[in-house]
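Here's the structure we're looking at; comments come further down.
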């Protein structure tokens with residue numbers, strides 16, 4: 001089920017990205033895109049834990065993925081949260097039979113056209129620092145080798161966090177997480193502000209900033225901060 | 001860490017601040033002073049300070065646990081470099097477990113001057129909410145020091161509390177007193193920050209003011225901030241210039 005060709009592209013891109021000073025937020029977004037492409041999932045989302053041990057939204061392959069990450073946070077239930085607290089993957093869960101387990105999440109996901117859901121922990125030693133969530137139709141059924149590949153993608157996300165600066169000590173991971181989580185807030189603030197100015201949706205505003213970052217080879221968070229500065233100055 | 005412990009980090013921070021004596025019992029400066037003392041006591045440090053900065057370069061020590069810490073924080077202004085400077089610019093904590101022998105730190109002036117004051121380790125936590133940056137909480141130790149995961153979590157909980165104090169003091173309320181029993185005003189949800197950006201752009205106000213307007217609206221309407229934020233993002237609610245929101 002996993003496409004080997006796409007997987008090759010992915011690893012080449014990951015290797016290219018992780019060697020230099022890279023854009024962590026954009027990287028995690030791309031990783032969710034890749035996870036969707038290789039697995040055939042309709043939507044993929046990624047969440048990271050803060051220092052309270054609570055998950056926060058970090059990246060998604062599309063708006064649906066984002067919506068269902070937020071939905072899980074809002075209702076304090078769902079595969080990502082289970083996977084994070086048990087540190088074990090949640091694989092091939094049939095949503096129709098999961099309404100007891102997730103009374104809010106399962107019906108909402110079914111209503112959105114999904115049949116199965118998977119979640120993979122981002123593990124570091126004995127800890128979970130986040131989780132990767134995949135939503136799909138019935139034909140997206142993972143075999144053992146698929147599970148290993150998608151878990152490897154979750155592990156790459158962890159490595160990316162550790163990689164951005166050399167992680168010699170335990171404090172450094174917290175430093176990275178804090179930086180990433182705050183970057184996410186900057187980006188959300190800029191999405192809202194830009195959407196308001198341009199009369200567009202936050203999702204479109206996000207794509208606008210993303211393509212600006214790409215074309216000018218700057219980090220997404222820097223483009224977002226500049227957008228906010230310009231709007232503040234114009235105000 | 002089990003969930004109970006994690007939930008407890010904020011409670012720990014609030015209760016530690018409460019236990020510290022108050023000088024006059026009012027105002028953000030007094031709150032920050034108590035917070036500085038709480039961090040120093042709670043994490044067995046030499047001292048702590050909160051520096052308030054703005055991007056235009058103005059900076060001031062808003063509170064310190066003791067005179068030496070105030071001097072150490074002020075030292076960064078005079079040499080124009082150091083960990084709190086970097087933490088503010090980079091938007092993430094800066095950890096220096098041992099100043100002695102620090103290689104390529106990029107702070108030659110700060111390193112020698114602070115060591116002359118007896119400093120051995122320093123930790124700087126930015127006080128920020130996305131693009132709104134208020135200042136830095138600096139922790140000073142007189143011996144080389146590591147922070148374990150729980151200690152890092154405690155420092156971050158204290159930083160969050162200090163951020164809320166500064167956020168509330170920047171709001172229009174002249175009282176500026178936060179209710180320490182209140183659940184955290186900051187629930188770190190994407191919708192809140194998108195709405196904050198929208199209100200900022202729509203009303204032509206600063207980000208912190210946009211958030212305090214949203215919180216005020218939620219309070220008056222007896223609703224949760226997250227629901228008010230969702231309404232703003234979905235276009236169901238527009239906050240108005242005069243504060244008389246429909």
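The values are calculated or read from the model by the stated rules, or taken from the named source; none is laboratory data. Bear in mind that the values here come from a model prediction, so they are computed numbers and not experimental data. Cβ placement follows ideal geometry from the backbone for every residue including glycine, while neighbour counts extend to all protein chains displayed.
General observations
- Residues satisfying the stated conditions in segment B:45-66, i.e. more than 15 Å from the chain's Cα centre (by Cα) and at pLDDT 95 or above: B:45, B:46, B:47, B:65, B:66
- Checklist (1) buried (at least 16 other Cβ atoms within 10 Å of the Cβ); (2) modelled with pLDDT under 95; (3) at the interface with chain A (Cβ under 10 Å from one of its Cβ atoms) applied to residue B:212, failing item: (3)
- The listed residues are B:198, B:152, and the only one of them that is within 11 Å of another protein chain (Cβ to nearest Cβ), outside any loop (DSSP other than H, G, I, E, B) and modelled with pLDDT under 95 turns out to be B:152.
- Filtering segment B:133-148 to residues that are surrounded by fewer than 23 Cβ atoms within 10 Å (Cβ to Cβ), in contact with a helix residue (DSSP H, G or I) (Cβ under 8 Å, 6 or more places away or on another chain) and more than 13 Å from chain A (Cβ to nearest Cβ) leaves nothing.
- Scanning segment A:174-190 for residues that are touching a residue at least 24 places away in the same chain (Cβ under 8 Å) and facing chain B (nearest Cβ under 7 Å) returns A:174, A:178, A:179, A:186, A:189, A:190.
- Filtered residue count, segment A:191-209, keeping only those that are in a helix (DSSP H, G or I) and more than 8 Å from chain B (Cβ to nearest Cβ): 8
- Flag for residue A:118 being outside any helix (DSSP H, G or I) and closer than 25 Å to residue B:226 by Cα: no
- Complete set of residues in segment B:86-101 that are under 20 Å from residue B:145 (Cα atoms), within 18 Å of the chain's Cα centre (by Cα) and either away from every other protein chain (no Cβ under 14 Å) or not in a helix (DSSP H, G or I) (or both): B:92, B:93, B:94, B:95
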